[in-house]
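The values are calculated or read from the model by the stated rules, or taken from the named source; none is laboratory data. These numbers come from a predicted model, not from an experiment. Cβ placement follows ideal geometry from the backbone for every residue including glycine, while neighbour counts extend to all protein chains displayed. The accessibility values were calculated without ligands, DNA or RNA, using every heavy atom of the protein model including side chains. Shrake-Rupley method; radii C 1.70, N 1.55, O 1.52, S 1.80 Å.
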Amino acid sequence: QKEVEQDPGPLSVPEGAIVSLNCTYSNSAFQYFMWYRQYSRKGPELLMYTYSSGNKEDGRFTAQVDKSSKYISLFIRDSQPSDSATYLCATLRGSEKLVFGKGTKLTVNP
Amino acid sequence: DVKVTQSSRYLVKRTGEKVFLECVQDMDHENMFWYRQDPGLGLRLIYFSYDVKMKEKGDIPEGYSVSREKKERFSLILESASTNQTSMYLCASSPPSQFTGFATNEKLFFGSGTQLSVL
């Protein structure tokens, strides 16, 4: 079983829509979770990170972790064309290594 | 502004060549990493380094080596390039973790990548 599973999409939504991006993970010991955003022909950049369960909000973005179901989500409200990118979930394996999902490609259409 | 610079954006090499990919960061970060990114496989860790002259294997180190002679510079070496090493290579750096205090990498700063084609 993969450590982190992510639906690659692609996902296409109209501007202003609420976007839900999701990942599952296999190891209940994972506690730190991150979302990276990668624009075309660029390296990923950290968008949000959370520890353990619960929600974290930053502007139009909300990261959610449900440890009981080993499910992590990123919600984007009022999506904009500039949000078009590939979104990668990640978790910290042990104290050293980030393990990434394969990424979901999102297109927000004007 | 934080900056991780990779020496080449595109690189074409022949099978069997020795290939050097260079990465420089200007943030005085202790930790540096090399990943490769392939469609359908995502990002995979090749090697990382916590300090000058230190290196640790990642998940897919076979066919690669690294060098870190200076804190700001981390080089990835393909000893004898093969076609299955055609990929996007991403370098990253990070400060020590704010969560654990250990050298780790929840906040990675990535370069723009080097697209390597091995023919």
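Taking the stated definitions as given, is B:A81 aliphatic (A, V, I, L, M), closer than 20 Å to A:K42 by Cα and touching a residue at least 60 places away in the same chain (Cβ under 8 Å)?
It is false that B:A81 is aliphatic (A, V, I, L, M), closer than 20 Å to A:K42 by Cα and touching a residue at least 60 places away in the same chain (Cβ under 8 Å).
Applying the condition of being among the aromatic types (F, W, Y) and at pLDDT 95 or above to the range B:48-93 and asking which residue is most open to solvent (accessible area, probe 1.4 Å) yields B:Y64. Return yes or no: is B:E22 charged (D, E, K, R) and more than 9 Å from chain A (Cβ to nearest Cβ)? Yes. Here B:F48 does not fit the description of being farther than 30 Å from A:G9 by Cβ and not β-branched (V, I, T).
Can you confirm whether the range A:75-97 contains a residue that is farther than 19 Å from B:F110 by Cβ, open to solvent by less than 20 Å² (accessible area, probe 1.4 Å) and in contact with a helix residue (DSSP H, G or I) (Cβ under 8 Å, 6 or more places away or on another chain)? Yes, the range A:75-97 has at least one match. Restricting the search to the range A:43-53, which residues are closer than 30 Å to B:S7 by Cα and free of Cβ contacts under 8 Å to residues at least 24 places away in the same chain? Once the filter is applied, which keeps residues that are closer than 30 Å to B:S7 by Cα and free of Cβ contacts under 8 Å to residues at least 24 places away in the same chain, the range A:43-53 yields A:G43, A:E45, A:L46, A:Y49. For the range A:26-52, the set of residues classified as more than 9 Å from chain B (Cβ to nearest Cβ), more than 15 Å from A:D66 (Cα to Cα) and open to solvent by 50 Å² or more (accessible area, probe 1.4 Å) consists of A:Y39, A:S40, listed by residue number. The set of residues from the range B:29-56 being within 18 Å of B:S93 (Cβ to Cβ) and charged (D, E, K, R) comprises B:E30, B:R36, B:R44, B:D51, B:K53, B:K55, B:E56. Here is a check on your reading of the model: is A:Q6 within 14 Å of another protein chain (Cβ to nearest Cβ) and touching a Ser or Thr at 6+ places or on another chain (Cβ under 8 Å)? For A:Q6, the condition - within 14 Å of another protein chain (Cβ to nearest Cβ) and touching a Ser or Thr at 6+ places or on another chain (Cβ under 8 Å) - is met. Screening A:C23 with (1) over 15 Å from A:S68 (Cα atoms); (2) touching a residue at least 24 places away in the same chain (Cβ under 8 Å) gives one miss only, at (1).
Looking across the range A:54-72 at every residue that is without any contact (Cβ under 8 Å) to a residue 40 or more places away in the chain and among the basic types (K, R), the one that is farthest from A:V99 (Cα to Cα) is identified as A:R60.
Checked against (1) surrounded by fewer than 22 Cβ atoms within 10 Å (Cβ to Cβ); (2) at negative phi; (3) of a type in the set (K, R), B:R36 meets all criteria but (1).
For the condition basic (K, R), more than 15 Å from the chain's Cα centre (by Cα) and either within 12 Å of another protein chain (Cβ to nearest Cβ) or under 29 Å from B:N31 (Cα atoms) (or both), A:K97 qualifies.
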